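Here the structure comes first, spelled out in C-alpha cells, and everything after it is commentary.
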Amino acid sequence: MTYKILYIDDQDTSSRQKDLENIGFEVITHKPTNNFKEIEVKVRNGINALILDYKLTEGKGEQACFDAPTVAQFVRTLHVKDALDIPIVLMSNQAVFTNSYKKDFTSQDLFDFTITKQEFTANNEVFGTKLESFINAYYKIKTDKNLLLSLGLKKDTILHSRVALSIGKVQKNIYKVSTLIYEDIISSIGLVIGEEVLAARLGITINTSGWDIVLESLKKSKYIGVFSDIKNRWWMDKVNTWWKEKISDDIPIRRLNAEERVELIKSKLKIKDLIVAKKTEQSKSTSFWTICKFSKEPIDPFDGVELLKDYLPWQEKEYLSIDSALLNHDEYKNQISKIDKKAIRDLAKKLNKDG
C-alpha cells in the first residue's frame with residue numbers, strides 16, 4: 001500500500017519530495033498561505049501523515065503569518081472533532097532543534113516526532129520506516145479500540161494499574177494513546193526492556209555466538225505490539241517467567257551476578273559460547289540490571305549515578321555509569337543531584353592525584 005503524505009513548506013520542496021517518493025510515498029506539497037481552508041481540504045481528501053517545516057513565514061510571494069505549531073494544532077483539532085487522526089512530523093533546519101525544543105512541542109500534543117532536514121537527507125530510508133510504523137500504529141490503535149490488543153497482548157492480560165488509568169484518560173485520542181505507548185511504555189525501561197538491558201540482566205555480551213540461541217529461546221517474551229517493527233523489545237514479566245521455566249525455578253535472576261547467570265543459561269540451554277558481560281572500570285558489581293544512559297554498557301544500579309527526571313509509576317530509573325559521569329556530559333548535567341555531582345568531583349580529584 002502506498003501512503004499519501006501532505007508536506008507543507010514555504011521553501012523549495014522538490015528535493016525532499018523526490019526523496020520521499022523514492023522511498024515509496026505519494027507526496028502532496030503545499031505552499032502555506034493564511035487560508036487554513038486550503039489545508040483542511042487537503043487533509044479531508046485523505047492523507048496518511050502530515051510533514052511540516054517549522055518556519056512557514058519566509059517563503060516568496062504570499063506569506064503565511066503562522067508557523068508549524070499553529071498548523072499542527074489546527075489539524076489536531078480536526079482530528080479530535082472528526083476522527084481524522086494522522087501522524088504529524090516536524091521537519092526543520094538544524095539551527096532550531098534542541099532537546100528542550102523537541103520536548104516542548106511533544107508536551108503540547110502537537111508532533112509525533114521531530115527530525116532535521118539534515119538527518120532526513122542523510123538517512124531517509126530510516127525516516128520512511130519510522131513514519132510507516134507510526135501510520136500503521138494509528139490505524140491499529142483506531143481499529144483495535146483496545147490497548148491490550150495494540151500492545152500485542154490478550155484481552156484478559158493484567159497491566160500495571162497506572163497504565164490502565166492513564167489509557168482511560170486518553171483512549172479516545174489516537175495521538176495520545178500512540179504517544180503513551182511509544183514514549184512512555186516501549187521507549188523506557190520498565191514493562192518492556194530493550195536488547196541492551198535484556199543482555200545486561202542475563203549477564204551476556206551482545207552478539208556473541210550463542211546470543212541468537214538465547215533470543216530464540218526468549219521468543220515468547222518478545223513485544224509484538226505497535227511499533228515493534230522499529231523497537232526491539234521484550235516483556236520483563238515474560239522474561240522472568242522464561243527464567244523460571246527454562247533456567248531456574250528456585251533462584252531469581254536478580255540474586256545472581258553476571259557469571260553465575262551465564263553459567264546457568266549455558267547449562268540449561270546447552271550453549272557453549274556465551275561471553276560474560278564486563279563491568280565498567282569504575283564499577284564494583286557485576287549484578288547488572290540496567291545500562292548506562294550514555295554508553296549503553298551494563299551496570300548495577302548501585303554503581304550508577306541516578307538521573308533525576310519525572311518517572312511514571314511503571315518506569316524504572318535511568319543511570320549513568322560512574323565512568324560516563326566523570327566525562328561531564330553536558331546533556332546530563334541538570335539531571336544529576338548536587339550530592340552526586342560533589343561525589344563525582346571528589347572521585348575525579350582522587351583519580352587525577354593517583355594517576
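The values are calculated or read from the model by the stated rules, or taken from the named source; none is laboratory data. Here the structure is a predicted model, which is why all the values come from computation and not from measurement. Neighbour counts are summed over all protein chains in view; Cβ atoms, including those assigned to glycine, are modelled from backbone coordinates with ideal geometry. For accessibility, only protein heavy atoms count, side chains too; no ligands or nucleic acids. Shrake-Rupley method; radii C 1.70, N 1.55, O 1.52, S 1.80 Å.
Could you compute the longest span of the chain free of trypsin sites (Lys or Arg not before Pro) located in DSSP loops and having at most 13 other Cβ atoms within 10 Å, not counting the site residues?
So the longest stretch without any such site is 173-269.
Residue-wise, which Karplus ³J(HN,Hα) couplings in Hz belong to segment 248-256, taking 6.51 cos²θ - 1.76 cosθ + 1.60, θ = phi - 60°, and x for glycine or proline?
3J(HN,Hα) across segment 248-256, in whole Hz: 7, 8, 10, 10, x, 4, 5, 7, 9.
Sequence-distant or interchain residues sharing an amide H contact under 5 Å with VAL27, placed H: which?
Under 5 Å from the amide H of VAL27: ILE5.
Once phi is turned into θ = phi - 60°, what whole-Hz ³J(HN,Hα) does the Karplus curve with 6.51, -1.76 and 1.60 give for every residue of segment 112-118, x standing for Gly and Pro?
6, 7, 10, 8, 7, 5, 5
If you place +1 on the Cβ of every Lys and Arg and -1 on the Cβ of every Asp and Glu, how big does the dipole about the Cα centre of segment 238-340 come out, in debye to the nearest 20?
420
Which of the three applies to segment 272-355, rounded, prolate or oblate, going by the alpha-carbon gyration tensor with a ≥ b ≥ c and a/c under 1.5 meaning rounded?
Because a/c hits 1.5 or more and a/b fails to exceed b/c, segment 272-355 counts as oblate.
Amide H of VAL192: which non-local residues (sequence gap of 5 or more, or other chain) have their own amide H closer than 5 Å, using H built in the peptide plane?
Here the answer is MET236, since their amide H atoms fall under 5 Å of that of VAL192.
Three principal axis extents, largest first, for the C-alpha atoms of the chain, in Å?
Over the chain, Cα extents along the principal axes are 67, 54, 38 Å.
From a point 7 Å beyond the Cα of SER161 in the direction of its Cβ, which residues of segment 305-345 have a backbone N at a distance under 19 Å?
Counting only backbone N, you get 312-316.
Quick check: net charge around LEU6, other residues with Cβ under 15 Å of its Cβ, Lys/Arg +1 and Asp/Glu -1?
-2
Which entries in the list LYS4/LYS176; LYS142/LYS172; LYS244/LYS296; LYS130/LYS231 go over 19 Å, if you measure between the two C-alpha atoms of each?
Violating the 19 Å Cα-Cα cut-off are LYS4/LYS176; LYS244/LYS296.
Compute the accessible area per residue over the chain, keeping the other protein chains in place, probe 1.4 Å, unit Å².
On a per-residue basis, the chain sits at 53 Å².
Estimate the FRET efficiency between LYS270 and LYS296 by the formula 1/(1 + (r/R0)^6), using the beta-carbon distance for r and 25 Å for R0, to the nearest 0.05.
0.30
All other residues with a Cβ under 14 Å from the Cβ of ASP19 taken together, and with Lys, Arg as +1 and Asp, Glu as -1, what is their net charge?
Every neighbour counted, the sum reads -3.
With each label point set 7 Å from Cα along the Cα-Cβ vector, what nm distance links SER15 and ASP346?
Computed distance between label sites SER15 and ASP346 equals 5.4 nm.
How high is the relative contact order of the chain? Use alpha-carbon pairs under 8 Å, at least six apart in sequence, and give a whole percent.
11
How much net charge surrounds PRO298 when only other residues with a Cβ under 9 Å from its Cβ are counted (Lys, Arg +1; Asp, Glu -1)?
+1
When the accessible area of segment 247-355 is split by element with a 1.4 Å probe, what percent falls to carbon and sulfur?
So the carbon and sulfur contribution to the accessible surface is 50 percent.
Compute, for SER15, the solvent-accessible surface of its heavy atoms (probe 1.4 Å) with the complete set of protein chains present, and express it in square angstrom to the nearest 10.
We get 70 Å² for SER15.
At 222 nm, what value in deg cm²/dmol follows for the chain if DSSP H runs of at least 4 each add -39500 (n - 2.57) and the sum is divided by all its residues, to the nearest 500?
Result for the chain: -11500 deg cm²/dmol, rounded to the nearest 500.
Name the long-range amide H neighbours of TYR223: under 5 Å, sequence gap of 5 or more, or other chain; modelled H, no Pro or chain starts.
Placed amide hydrogens put ARG233, TRP234, TRP235 under 5 Å from TYR223.
Could you rank THR114, THR157 by how accessible they are, 1.4 Å probe, largest area first?
The ordering from most to least exposed comes out as THR157, THR114.
Which shape class, rounded, prolate or oblate, goes with segment 116-244 when its Cα gyration tensor gives a ≥ b ≥ c as root eigenvalues, a/c under 1.5 marks rounded, and past that a/b bigger than b/c marks prolate?
oblate
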